[in-house]
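Worksheet: the structure to be examined is printed underneath.
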Amino acid sequence: MVDTHVADLLGQEIFEDIKPRIDRCLAGETISYQGWFDFKGPGRRLMDVSYSPAKDHNDKIIGMVVNARDISDQNEAESERRLAAKVFQNAGDAILITDSKGNILEVNPAFCAISGYERSEVLGKNPNFGKSGRHDHAFYEAMWKGLLNFGRWEGEVWDRRKNGEVYPKWLKITAVADATGQVNHYVGIFSDISEQKAQVDRLQRLAHHDPLTELPNRALFYDRLSQAIVQARRDERRIAVMFIDLDYFKVINDEHGHDVGDRLLCGVADRLSGCVRESDTVARLGGDEFTAILTDIANPSGVAIFAEACFGHPSPSKRQILNATVYAYGAPTSCVRCVITSSRLYTTPSLTLRRHKAAAASSPSFAHASTTNMQTASTIGTNRPHFALHGGQRKPHQPLPRRCLLH
């Protein structure tokens, strides 16, 4: 390459680009700069270049000394570092970095926004300062087992914000090892999933509850009825299932509008819900049809009195039994009609009581029996109870509002 011109060595285009700097160097100036060069072999490379004047013993400039160093790889690494730092600072998910012992080395702004802690408050601490108390020792053992065996763990964790609020987060932890395989850092990334879980809960509630009265709907009713039957068989106890329709509801709905009808349904729902225990279920099957599952029934005759307490005034002779039966449910001694608007609209119920043996009862058989007996109750008259034994026959001298199935 001796006696080779720079233009022949680097190419005419590059030579034209650097010639002004060469001229300045030959005029006595030391030049340093970084620039991209398109070489024939390596292609485009970033070079760190310096030109220094070369002088003879008389201090006369006779040429120049060129130093060039390829810094493409360092530049790429630096660009990646800057990009990672920008992502770290602007990520929507919280990020924390710990040493091999779990002490926090760095957190990003999202971590501070989600947890409520300032960066200075958490540096040097173990992340367990935010434990919610909802997870037991076995949970954290499984987490560390995953990290040690697979180098990563992912799952839902409940933590506590600085203000004391407990919240769910989705956490991913990755172990970072050096060239020898020794873990020297852990990186945790998590997001607040409170809103997602709330949305799922809302959807599940919509799927299993009546949107007007917020009572369990038909699907949830059948599910709880099945569970109640299984529990009754296991404990050798009885359950009562009471199906209730409102008399003349269609007339009220047509003459006074759906708004009044809706308020009436909500009033009935509140009234029924106030008459049962937490272990019982009140549901709206649709339209003006309600149902109540009463569990752990010790005295079947008491259910009839309980039904009268919900929908009518019990006679004085029955009040003593009613107090023993109904107050166990926290129900009032009279729960008759709903008064809606200044017109004082009233509605009354109709009901049927049916008893089943534990071995024979099932959720579908209850439903089929309820349909048959409700039709029977309707033919008898409004504001009347109906009591039926297993098999569908009406038992005389045992009136009840609407339908009530005993298991």
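A few notes on this one:
- TYR248 meets each of the listed conditions (1) at positive phi; (2) touching a strand residue (DSSP E or B) at 6+ places or on another chain (Cβ under 6 Å); (3) hydroxyl-bearing (Ser, Thr, Tyr) apart from (2).
- Scanning region 206-246 for residues that are assigned to a loop (DSSP other than H, G, I, E, B) and buried (at least 17 other Cβ atoms within 10 Å of the Cβ) yields ASP210, THR213, LEU215, ASN217.
- Against the conditions (1) surrounded by 14 or more Cβ atoms within 10 Å (Cβ to Cβ); (2) farther than 22 Å from GLN196 by Cβ; (3) outside the structural domain of PHE37 (by TED's automatic domain parsing), ASP70 satisfies every one except (3).
- Of ASN217, ASN253, all but one fail to be over 21 Å from PHE111 (Cβ atoms), more than 28 Å from the chain's Cα centre (by Cα) and outside the structural domain of ILE95 (by TED's automatic domain parsing); the exception is ASN253.
- Total residues in region 97-130, condition surrounded by 13 or more Cβ atoms within 10 Å (Cβ to Cβ), part of a helix (DSSP H, G or I) and of a type outside the set (D, E, K, R): 10
- For region 1-37, a residue qualifies if it is at pLDDT below 80 and charged (D, E, K, R), and the qualifying residues are ASP3, ASP8, GLU13.
- One residue from GLY133, GLY188 being assigned to a strand (DSSP E or B) and not aromatic (Phe, Trp, Tyr): GLY188
- Condition check for GLY267: at positive phi and assigned by TED's automatic domain parsing to the domain that holds ALA292: no
- Qualifying positions in region 258-277 - at pLDDT below 85 and loosely packed, with under 14 Cβ neighbours inside 10 Å: ARG277
- Beta carbons closer than 6 Å, at least 6 apart along the sequence or on distinct chains, pair a first residue in region 213-229 that is closer than 18 Å to ARG277 by Cβ with a second that is in a helix (DSSP H, G or I) for LEU215/ALA269; LEU220/HIS208; LEU225/SER363.
The values are calculated or read from the model by the stated rules, or taken from the named source; none is laboratory data. Quick caveat, the model's predicted, so the values are computed rather than measured. With ideal geometry, Cβ positions are generated from the backbone for all residues, glycine too; neighbour counts draw on all protein chains shown.
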